[in-house]
């Protein structure tokens, strides 16, 4: 084979390899940009609230008929974050009237919740052992499930509209795992 034919053959081979690489670069499976591939969750920075819950924006919500506690969310504290976490202040009141105040987050994509901190002695205290936990749907005090199912999540994804979220928390229509009715709340 002559030197010219070898050069042409080498160029043709190089061009075919190059074209093959270019063709693969457009393939999402080869480029790593598959739009259907599961995304990896990366939580943003969480800052503790500056103030205690605002009594004027506390909204009670129904959890189950088997719980003895009362639950309220501070609607003024709700933050729909770009990282997919909805953060909020919840006030839990026991039958004797004592309250536990917590700053939490719900991640709808994986149906998990996280306790960021508690309000104790007029100050917020971060939870150093904070980690994501599965939301329980069968426990009597399943308030995270009620918030996720009734307002914070929409078909397994974070509700992005604050107006829709707040409308869903309306006690007359709130369906956090229960079915409202015009005569009162029925269900779990």
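The values are calculated or read from the model by the stated rules, or taken from the named source; none is laboratory data. If you're wondering where the values come from, they're calculated on a predicted model, not measured in any experiment. Ideal geometry is used to build each Cβ from the backbone, glycine not excepted, and the neighbour counts take in all protein chains shown.
Within region 50-74, the only residue that satisfies the criterion of being more than 16 Å from residue 172 (Cα to Cα) and in contact with a helix residue (DSSP H, G or I) (Cβ under 7 Å, 6 or more places away or on another chain) is 74.
Taken over region 118-139, the criterion of being surrounded by fewer than 14 Cβ atoms within 10 Å (Cβ to Cβ), farther than 17 Å from residue 103 by Cβ and over 15 Å from the mean Cα position of the chain (by Cα) is satisfied by 138 alone. Please determine whether any residue of region 47-69 is assigned to a strand (DSSP E or B), closer than 22 Å to residue 157 by Cβ and at pLDDT 95 or above. The answer is no, given that none of the residues of region 47-69 is assigned to a strand (DSSP E or B), closer than 22 Å to residue 157 by Cβ and at pLDDT 95 or above.
The set of residues in region 78-117 being farther than 16 Å from residue 127 by Cβ, buried (at least 19 other Cβ atoms within 10 Å of the Cβ) and either in contact with a helix residue (DSSP H, G or I) (Cβ under 8 Å, 6 or more places away or on another chain) or at pLDDT below 95 (or both) consists of 78, 84, 86, 108.
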